[in-house]
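Please read the structure below before turning to the comments.
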């Protein structure tokens, strides 16, 4: 994505009036280093299930994007475990299918960027070109490997130019069942609920291979007893038809993801293929669908449509805050997507938050916490982060700014309050 197009500002004039006090106090916060942020991971010791409202999760949710992708290779048990240690409420396994029908955690069907398969001479003859969502890709595809063969591979850091590569080649590729087992085990260890947030990757592609993801996903969740509406599970997809199919198959919460290609200088969204629309729309043959872009989901009509089959919307963050050039200078503007989604009774979980300075905009002064504070202030229900520790620290800071008495929740503990009605935990 074009970083300049994400430029934001610390101005709070367009934010909700209830948060004006937060804006005035932000200048008092100084978080110059990630090391300072890491101190706050210990705040997670406050058990989420202590909330007297019966709500087992803090708000907004922090979702460990592909695990702890900022530190360890994507989609490994070790990465998921680290995200949990750093305070993530949910961990996100992207799901693709193997040749023998197992669901494994990989960002894409093409394994070339996230595993060491290219360095394995025994699999050299598996390299080929495949068409994924209408575009040719060269690489090694999960559907050409059995699970036993997948287990011979090891994960690597796909962003090795800016993230640690010391751990490349150390960790296996986990199955979906293994990810669930980890979440359950860590929930017991931590005394708080750790949820999972699986994404069905390229469902139309997998269906055309004869490896549909949906029945496999539902069967596993049923076997694990995590197939209820209150299970700690969100299922997400960029496609729509498979979410509608899943709505008939499961009571799990569903999230419609919303993508785009970029932001134009005038502040409009760029819908260049393949990020123009859900791929199932592109191949549907339905002119009503092929005339739409992902942007339809953010209209009132789109939100109403999502409400008929899903529980929330997962937009790229530029749908919430972006800039346009005015007199040659980028100027912030925020949208009303959060408010309109909430009016429809939809959750809104946005993505993806990262710490690298090249990804941060000048208004954040090199401090990723500033970006989190802005989006928390705007009212998101959750967000995906490659750095769960930073997201959790910023969430605590935001709560302090929003309500200074919240600090008692982790300085005095939940059992030391002025009265039973003075319940700081209820402000999470």
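The values are calculated or read from the model by the stated rules, or taken from the named source; none is laboratory data. Keep in mind that what you see is a predicted model, and the values were worked out from it rather than measured. Note that each Cβ is placed from the backbone with ideal geometry, even for glycine, and that neighbours are counted across all protein chains shown.
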**Q.** Residue list for region 330-352, filter: touching a strand residue (DSSP E or B) at 6+ places or on another chain (Cβ under 6 Å), at pLDDT 95 or above and within 14 Å of residue 319 (Cα to Cα)
**A.** 338, 341, 348, 349, 350, 351, 352
Q | Complete set of residues in region 67-91 that are assigned to a loop (DSSP other than H, G, I, E, B) and more than 19 Å from residue 165 (Cβ to Cβ) | A | 86, 87, 88, 89
Q | region 83-113, residues that are without any contact (Cβ under 8 Å) to a residue 60 or more places away in the chain and within 18 Å of the chain's Cα centre (by Cα) | A | 85
Q: Restricting attention to region 290-327, report how many residues are touching a residue at least 40 places away in the same chain (Cβ under 8 Å), more than 20 Å from residue 279 (Cα to Cα) and surrounded by fewer than 18 Cβ atoms within 10 Å (Cβ to Cβ).
A: 4
Q: Output yes when any residue across region 192-215 is outside any helix (DSSP H, G or I), within 22 Å of residue 249 (Cβ to Cβ) and more than 25 Å from the chain's Cα centre (by Cα), and no when none is.
A: yes
Q: Please find, within region 136-161, the residue that is nearest to residue 207 (Cα to Cα) out of those that are part of a loop (DSSP other than H, G, I, E, B) and in contact with a helix residue (DSSP H, G or I) (Cβ under 6 Å, 6 or more places away or on another chain).
A: 140
(Q) Which count do you get for residues in region 236-273 that are farther than 16 Å from residue 297 by Cα, part of a loop (DSSP other than H, G, I, E, B) and free of Cβ contacts under 8 Å to residues at least 60 places away in the same chain? (A) 5
Q. In region 371-390, what residues are outside any helix (DSSP H, G or I), within 27 Å of residue 164 (Cα to Cα) and either touching a strand residue (DSSP E or B) at 6+ places or on another chain (Cβ under 7 Å) or free of Cβ contacts under 8 Å to residues at least 40 places away in the same chain (or both)?
A. 382, 383, 384, 385, 386
**Q.** Every pair of residues 6+ apart whose Cβ atoms lie under 9 Å, when the first sits in region 167-196 and is on the phi > 0 side of the Ramachandran plot and surrounded by fewer than 16 Cβ atoms within 10 Å (Cβ to Cβ) while the second is part of a strand (DSSP E or B) and at pLDDT 95 or above
**A.** 169/155
**Q.** From 120, 106, residue being at pLDDT 95 or above and crowded, with 24+ Cβ neighbours inside 10 Å
**A.** 106
Q: For region 180-211, name all the residues that are closer than 17 Å to residue 108 by Cα and touching a strand residue (DSSP E or B) at 6+ places or on another chain (Cβ under 8 Å).
A: 197, 198, 199, 200, 201, 202, 203, 205, 206, 209, 211
